[in-house]
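The values are calculated or read from the model by the stated rules, or taken from the named source; none is laboratory data. Since the model is a prediction, treat every value here as computed from it, not as a measurement. Cβ placement follows ideal geometry from the backbone for every residue including glycine, while neighbour counts extend to all protein chains displayed. What goes into the accessible areas is simple: the full protein's heavy atoms, side chains included, and nothing from ligands, DNA or RNA. Shrake-Rupley method; radii C 1.70, N 1.55, O 1.52, S 1.80 Å.
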Amino acid sequence: MQVRINKLTLDVTDKGQGPALLLLHGYPLDHRMWDAQIEYFRHTHRVIVPDLRGMGQSEGTPSNITIDHYADDIITLLDELGINRVTVAGFSMGGYVLFALLRKAPSRISAIALVNTRADADTKDGQRSRLEAARNLLEHGSIAARQAMLSKLLSDTTLHDQPHLADEVGNWMTEMDPLGLVHAQLAMAFRPDSTSMLASIRVPTIVIGGEHDKIIPPQLIKQLANSIPNAKYRLIAETAHLTPVEKPDAFNNLLSDFLGKAHV
């Protein structure tokens, strides 16, 4: 469905009944990365999965945006849908949005799943890489995202054994609006550092990573989990960065067990 908020039209999947579960996608993707989770959790939860502004089928903006803009969209969306409290799973860039939600509306969040993400800001080298990626997107279009990201998102095993899945993920990326991806890169490049807030997180938390993730390696995932009081730390074997897509059954079992124990 489409929801009009903050002068933009967002495309939102809203399925199931029960406690609200919000899934935030990463770069350069959209809600489709969560298809297996939507199908699984709609039987126990009300699953809300938006395309962030400028990505997927959601309307973009010509002006620069920040991670806070994405978070403001989500807060307004929850208001529009009549959802007061929600469990949030944020994948990669979606995790950066989740940290912004924790800063802006902590009382709205029941529990969190930090998936293949990190809390620190980009280094100068990281910012330069993102600016170069933005330039490539402007020059070559969204195919530049596929060329740069596909081999990083998926493990060598997945690329070899599931070529159809690799093609599907690659197609998701090439279907993106390049300008939306440019804005996302700039928003990530200059996002705030969230490490100082980790010790103050009090909601139930699980931190999930991929065994072969080259973008956010396991040691960083473990470090993130260790910085949050009572956080659960889990790695999914034979996956790289895109764990919910590469091993959906393993991911769903981990998240389902966490939600059950957290009573959310």
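Name the single residue, out of those in the range 88-106 being open to solvent by less than 10 Å² (accessible area, probe 1.4 Å) and aromatic (Phe, Trp, Tyr), that is nearest to the chain's Cα centre (by Cα).
This residue is PHE91.
Within the range 93-162, which helices (runs of 4 or more DSSP H) (wholly inside it) include 2 or more residues that are without any contact (Cβ under 8 Å) to a residue 24 or more places away in the chain and within 24 Å of MET176 (Cα to Cα)? Steps first, please.
On the way: elements: 93-104, 124-140, 143-153, 156-161.
Because the criterion is at least 2 residues that are without any contact (Cβ under 8 Å) to a residue 24 or more places away in the chain and within 24 Å of MET176 (Cα to Cα), the helices (runs of 4 or more DSSP H) in the range 93-162 that meet it are 124-140, 143-153.
Out of the residues in the range 184-198 meeting the condition of being among the hydrophobic types (A, V, I, L, M, F, W, C) and buried (at least 19 other Cβ atoms within 10 Å of the Cβ), tell me which one is farthest from the chain's Cα centre (by Cα). If you could, list the steps in order and put the result at the bottom.
So the first thing to find is which residues in the range 184-198 are among the hydrophobic types (A, V, I, L, M, F, W, C), and the list is 184, 186-190, 197-198.
Next cut, buried (at least 19 other Cβ atoms within 10 Å of the Cβ) only: 184, 187-188, 198.
On the way: ALA184: 12, ALA187: 14, MET188: 12, LEU198: 18 Å.
Checked the range 184-198; the qualifying residue farthest from the chain's Cα centre (by Cα) is LEU198.
Identify, please: which residue in the range 22-70 is open to solvent by 10 Å² or more (accessible area, probe 1.4 Å), part of a helix (DSSP H, G or I) and touching a helix residue (DSSP H, G or I) at 6+ places or on another chain (Cβ under 7 Å) and is, among those, farthest from PRO192 (Cα to Cα)?
TYR40
Could you check, for the range 199-212, whether at least one of its residues is within 26 Å of ASP125 (Cα to Cα) and either assigned to a loop (DSSP other than H, G, I, E, B) or open to solvent by 10 Å² or more (accessible area, probe 1.4 Å) (or both)?
Our first condition is that a residue be within 26 Å of ASP125 (Cα to Cα); within the range 199-212, this holds for 207-212.
After this cut, where a residue has to be either assigned to a loop (DSSP other than H, G, I, E, B) or open to solvent by 10 Å² or more (accessible area, probe 1.4 Å) (or both) as well, the list is 211-212.
Yes, that holds for at least one residue.
Restricting attention to the range 10-21, which residues are open to solvent by 30 Å² or more (accessible area, probe 1.4 Å) and not acidic (Asp, Glu)?
Within the range 10-21, LYS15, GLY16, GLN17, GLY18, PRO19 qualify.
Each row is one residue, and each column tells you yes or no for (1) open to solvent by 60 Å² or more (accessible area, probe 1.4 Å); (2) of a type outside the set (Asp, Glu); (3) within 13 Å of TYR27 (Cα to Cα).
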| site | (1), (2), (3) |
| --- | --- |
| ARG108 | no, yes, no |
| SER129 | yes, yes, no |
| LYS152 | yes, yes, yes |
| HIS164 | yes, yes, no |
| GLU168 | yes, no, no |
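Within the range 35-90, restricting attention to residues that are touching a strand residue (DSSP E or B) at 6+ places or on another chain (Cβ under 9 Å) and of a type in the set (S, T, N, Q), which residue is farthest from ILE5 (Cα to Cα)?
THR44
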